[in-house]
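Notes to accompany the following structure.
The values are calculated or read from the model by the stated rules, or taken from the named source; none is laboratory data. These numbers come from a predicted model, not from an experiment. A quick note on method: Cβ atoms are made from the backbone with ideal geometry, for glycine too, and the neighbour counts reach across all protein chains shown. Heavy atoms of the whole protein, side chains included, go into the accessibility calculation; ligands, DNA and RNA do not. Shrake-Rupley method; radii C 1.70, N 1.55, O 1.52, S 1.80 Å.
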Amino acid sequence: MPEVVGDAGILIDSQEPEAVAAGVRDALALGPGADARARERILTTFPMDGRRDGLLRIVGQLLGV
């Protein structure tokens, strides 16, 4: 999902083993600091409060609360 990954990761267009392997190679080539950039994107784009509130809302709807 491009809106989730943004510029912090690699998108793979296929589930074919060759495409997945190429995606893993590309991700590894992002180099040191890629994990920190991905974490920062998650914290900035999807703050914990918003994730918690959304999850609680969905669970509440499912439970009829």
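Some values worked out for this structure:
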read-out	value
Residues located in region 11-24, provided they are among the small types (Gly, Ala, Ser), out of contact with any helix residue (DSSP H, G or I) (no Cβ under 8 Å at 6 or more places or on another chain) and closer than 20 Å to Met1 by Cβ	Ala19, Ala22, Gly23
Residues located in region 25-65, provided they are open to solvent by less than 100 Å² (accessible area, probe 1.4 Å), assigned to a helix (DSSP H, G or I) and either under 18 Å from Pro2 (Cβ atoms) or of a type in the set (Phe, Trp, Tyr) (or both)	Asp26, Ala27, Ala34, Ala38, Arg41, Ile42, Thr44, Thr45
Residue count for region 1-24, restricted to those that are assigned to a loop (DSSP other than H, G, I, E, B) and of a type outside the set (Asp, Glu)	9
Checking Pro2 against (1) at negative phi; (2) surrounded by 10 or more Cβ atoms within 10 Å (Cβ to Cβ), the condition it does not meet	(2)
